Amino acid sequence: MQDRRELSPTKINADLLNFTLKTPLWFWIVAFVLSSILGVAAITYIFILYYGLELLGYQNTIVWGFLITNFVFWVGISHAGVMISAILRLSQAEWRRPVTRAAEVMTVFALATAAMFPVLHTGRPWRTLYWAFPYDYARGIFPDVRSALIWDPSAIFTYLSSSAMFVYVALIPDLAVARDMTTGWKHSMYTVLAMGFHGTGRQWKLQTIAGILLSALILPVFVSVHSIVSWDFAMAILPGYHATVFPPYFVIGAVHSGVSAVATLMAILRKIFHLEDYITADHFDALGRLLIVVATGWLYFFLLDVFFGPVGEGATELAVWNLRFFTFPYSILIPIMIITGYLIPVPTWLFRKMRRNVTVMFWTSLCVNVGMWIERYYIIVPPQSFKEPFTFEWVNAYLPRFADWILVIASFALVSFGVLIFAKLFPIIPLFDIKEGQVLKQEIRIGRVRVPAVIRE
């Protein structure tokens with residue numbers, strides 16, 4: 001890191017706990033707006049429960065629309081936590097320090113939001129347990145444990161629980177600091193959550209080992225979650241879904257959208273919490289260089305899907321690709337996706353000056369997730385538009401309705417509201433990680449030169 005600023009422990013505590021201990025007026029305004037959106041979405045869903053899924057834009061063949069698109073999108077966003085925190089923690093990348101907790105928290109709330117959409121999609125959520133667990137012995141109805149639809153919730157809830165544990169383990173030292181700086185009910189809450197942490201050598205050793213073990217153990221779940229999500233489509237027996245490239249394609253797309261979302265979130269946090277001393281241009285530079293590699297990998301797998309999808313397949317497969325590329329409104333989605341997901345951001349990130357510009361990184365990373373949401377939509381909806389090659393074709397355009405759009409907007413409001421409330425209760429940037437970085441950045445003498453002391457024994 002080139003911009004290594006001197007920060008005392010007292011200043012770190014004061015800066016990073018400022019929003020946790022004090023409540024500005026804008027917090028109540030933003031919380032009211034977000035909760036109002038969630039309230040409208042709740043009322044909308046009550047109408048959906050009463051009148052049925054006919055309030056959504058489903059048609060005779062298109063039954064996976066915005067809800068499943070949002071499910072795949074938010075599962076993809078959740079990969080940010082593992083990519084930024086677990087992998088960079090294991091590789092001891094110094095620039096990760098201010099970024100890790102925000103990425104982990106976004107992972108938890110994005111996964112929780114994603115898990116809601118299949119339940120909303122059922123239309124009758126109280127029947128979900130009936131489909132998931134084999135208790136109907138009278139009629140001999142049992143779920144197929146080989147189905148991706150059974151493994152999907154298993155992988156997601158394993159990922160959600162391990163991510164929540166990951167956040168909590170890294171949060172314990174900061175809870176101890178907050179405990180010692182507060183009184184009243186906050187002091188009681190932090191005392192319970194800190195679990196008697198007082199910074200002894202044994203406690204630090206256990207906390208460090210737990211963080212490393214969780215980082216390593218969560219990596220297989222990170223890969224498997226979006227691979228299993230891709231198998232949800234492979235089992236649908238529809239043309240356009242049978243691509244062996246789907247698991248790595250979905251995973252790299254998830255990393256692309258997740259890391260971009262972290263860049264967007266860090267730009268927002270830097271602005272509203274005045275964290276210029278902690279989130280510097282170096283961090284956006286590092287994120288930009290990482291995103292160049294990830295985005296190019298995503299483009300490679302997208303082109304594999306385009307090139308090899310129609311090769312050797314039947315007329316129905318070709319018809320789906322014809323629908324995607326040459327039939328309105330789907331024909332305009334792929335150009336928009338490529339432009340927003342690659343052609344605008346990646347050439348911009350090639351220039352160091354642009355990567356170190358916070359405003360540019362904010363808009364380009366936001367642009368990426370516009371493209372990645374469209375990518376999920378173009379993968380999911382068009383194959384359902386071509387059901388069977390009868391004397392007529394089922395090519396009815398999916399037209400989302402008011403309820404679809406409300407639930408989409410509410411998903412963004414829910415994740416934002418969750419991150420906001422977490423930042424109000426707990427430090428969104430890890431205090432102990434920043435303090436450790438201050439120690440490790442001290443220069444030591446090796447031979448005739450002085451270098452940052454970032455190499456551990």
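Only the coordinates and a few stated rules stand behind these numbers; no lab work does. In this text the structure is predicted, and so the values were computed from the model without any measurement. Cβ atoms come from the backbone with ideal geometry, glycine included; neighbour counts cover every protein chain shown.
How would you rank Trp298, Trp151, going from fewest to most other Cβ atoms within 10 Å of each one's own Cβ?
Trp151, Trp298
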**OP:** Evaluate the relative contact order of the chain (contact order divided by residue number), counting alpha-carbon pairs under 8 angstrom at least 6 apart; express in whole percent.
**Re:** 28
**OP:** Taking the Cα centre of the range 235-331 as origin, sum charge times position over the Cβ atoms of Lys and Arg (+1) and Asp and Glu (-1), and report the length of that vector in debye to the nearest 20.
**Re:** 140
**OP:** May I ask for the net charge around Ser257, where only other residues with Cβ less than 11 Å from the Cβ of Ser257 are counted and Lys, Arg are +1 while Asp, Glu are -1?
**Re:** 0
Original post:
Between Gln92 and Thr10, what is the spin-label point distance in nm, taking each point 7 Å from the Cα along the Cα→C-beta axis?
Top reply: 3.2
**OP:** Can you pull the one-decimal nm distance between simple spin-label points at Val449 and Thr61, each 7 Å off the Cα toward Cβ?
**Re:** 6.4
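Relative contact order for the range 239-395: what is it in percent, counting Cα pairs under 8 Å that are at least 6 residues apart?
The value is 34 percent.
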Original post:
Within the P(r) computed for the chain, what percentage of the Cα pairs occupies the region above 29 Å?
Top reply: 52
Original post:
Stretch Ile237-Phe325 to full length: gain in nm at 0.36 nm per residue minus the Cα-Cα span?
Top reply: 29.6 nm
Original post:
Pairs of lysine in the chain with Cα under 30 Å and at least 8 positions apart or on different chains: total?
Top reply: 27
Subject >> Net lengthening on full extension, Val192/Thr296 (0.36 nm per residue, minus Cα-Cα) >> reply: 32.8 nm
**OP:** Taking the Cα centre of the chain as origin, sum charge times position over the Cβ atoms of Lys and Arg (+1) and Asp and Glu (-1), and report the length of that vector in debye to the nearest 20.
**Re:** 1460
**OP:** Rank Gly447, Leu287, Ala164 by how far each Cα sits towards the positive end of the charge dipole of the chain (+1 on Lys, Arg Cβ; -1 on Asp, Glu Cβ) and give me just the farthest.
**Re:** Gly447
Subject >> Residues His226, His187, His121, sorted so that the one with the fewest Cβ neighbours within 10 Å comes first >> reply: His187, His121, His226
**OP:** Taking the Cβ of Arg355 as the centre, find all other residues whose Cβ is under 13 Å away and add up their charges (Lys, Arg: +1; Asp, Glu: -1).
**Re:** +2
Original post:
Once the Cβ-Cβ distance between Val119 and Trp405 is put in as r, and R0 is 25 Å, what FRET efficiency do you end up with, to the nearest 0.05?
Top reply: 0.85
Subject >> Ascending count of other beta-carbon atoms within 10 Å, so fewest first, for Glu317, Glu375 >> reply: Glu317, Glu375
Subject >> Mean residue ellipticity (222 nm) of the chain, computed from DSSP H runs ≥ 4 via -39,500 (n - 2.57), nearest 500 >> reply: -21500 deg cm²/dmol
